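This report concerns only the one structure given below.
Please treat every number below as a calculation from the coordinates, not as lab data. Just so it is clear, the structure is predicted and the values come from calculations on it, not from any experiment. Cβ placement follows ideal geometry from the backbone for every residue including glycine, while neighbour counts extend to all protein chains displayed.
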Amino acid sequence: MKKNIKKMTYAELTAERDKLRKEHLDLRMQKVLGHLDNPLALRTVKRDIARLNTLIHAQDIGIAKASK
């Protein structure tokens with residue numbers, strides 16, 4: 001995930017972030033219900049969301065250029 005996100009366009013970044021947010025919600029529900037197989041998955045998904053938010057924000061303020 002880390003290697004290919006820098007090459008993504010703005011629309012792809014936001015779509016991937018939305019997908020990961022849904023996955024994070026599903027993992028949280030599994031944790032509450034007691035059916036979570038891999039507890040570290042929550043941490044990795046949260047970190048991936050944070051990485052995407054950083055790149056999205058950088059493109060918003062003009063630090064990073066969006067890929068074409």
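Just wondering, is there one or more residues in the range 30-37 that are in contact with a helix residue (DSSP H, G or I) (Cβ under 6 Å, 6 or more places away or on another chain) and surrounded by 14 or more Cβ atoms within 10 Å (Cβ to Cβ)? Yes: one or more hits.
Is there a residue in the range 5-27 that is touching a Ser or Thr at 6+ places or on another chain (Cβ under 6 Å) and part of a helix (DSSP H, G or I)? Looking through the range 5-27, at least one residue is touching a Ser or Thr at 6+ places or on another chain (Cβ under 6 Å) and part of a helix (DSSP H, G or I).
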